[in-house]
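Here the structure comes first, spelled out in structure tokens, and everything after it is commentary.
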Amino acid sequence: MKALFINGSPNPNGNTAALADALLKDTPYETLNLTDYRINAYGQTLPGDQFDEVVKAMQQADVVVIGSPVYWHNICGSVRNVLDRFYGPVASGSMRGKTLYFLFQGAAPEQWMLEAGEYTMSRFAAMYGFQWGGMITDRKSARKVRI
């Protein structure tokens, strides 16, 4: 099984990465830090875009874990940008056979923020054919999941 952690945090060794470590503790995985990639905004056609590299990495994985800190009450911009870019170039249902987990953590997120994040990511999973593994918000719950 091949697992991929897509880290939306600008800190490659921060709380989001630590949460991924707790979830994937018994599973070898690769990390893709979104801050290392240039991903244009939806509708932009600027040179140097690396969105296709991110999609290819996801296509090669069996399990995809997307992690985001809670910024401005929502999913961080780098992850949101990837989600936006899927619309159009990535066919609906094309990620069938893969499982998606979402790591969403912050200092003190309110319940409505967590619910909005889970709604967005579970809809994304359904649209592109991922099996929805669920949302994890803390290390204790991450350790309970078996991948």
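Structure notes:
- Per residue of the chain, the DSSP helices (runs of n ≥ 4 H) give a summed -39500 (n - 2.57) that works out to -10500 deg cm²/dmol at 222 nm.
- Beta bridge orientation in the stretch 3-144: antiparallel %, DSSP, nearest 5: 10
- Taking other residues whose beta carbon is less than 15 angstrom from the beta carbon of Thr45, and scoring Lys, Arg as +1 and Asp, Glu as -1, yields -1.
- Net length gained if the chain between Trp112 and Ala41 were fully extended (0.36 nm per residue, minus Cα distance): 22.9 nm
- Among the chymotrypsin sites (Phe, Trp or Tyr not before Pro) within the stretch 46-116, those in coil by DSSP and having at most 13 neighbouring Cβ atoms inside 10 Å are Trp72.
- Which listed pairs, of Lys98/Lys140; Lys25/Lys56; Lys56/Lys98; Lys56/Lys144, have C-alpha distances above 21 Å, in listed order: Lys98/Lys140; Lys25/Lys56; Lys56/Lys144
- Treating each Cα of the chain as one equal point scatterer and applying the Debye formula with no solvent, the log10 of I(q)/I(0) at q = 0.12 Å⁻¹ comes out as -0.44.
- One Cα centroid belongs to the stretch 104-147, the other to the stretch 1-54; the line between them spans 16 Å.
- When only Cα pairs below 8 angstrom with a gap of at least 6 residues are kept, the stretch 3-144 shows a relative contact order of 28 percent.
- Net charge of neighbours whose Cβ lies under 14 Å from the Cβ of Leu19, counting Lys and Arg as +1 and Asp and Glu as -1: +3
- Radius 15 Å from Cβ of Ser94, net charge of other residues (Lys, Arg +1; Asp, Glu -1): +2
Throughout, read-outs are computed from the coordinates displayed, never taken from laboratory work. Bear in mind the structure is a predicted one, so any value in this text is a computation, not a measurement. As a convention, Cβ positions derive from the backbone with ideal geometry for all residues, glycine included, and neighbour counts pool all protein chains shown.
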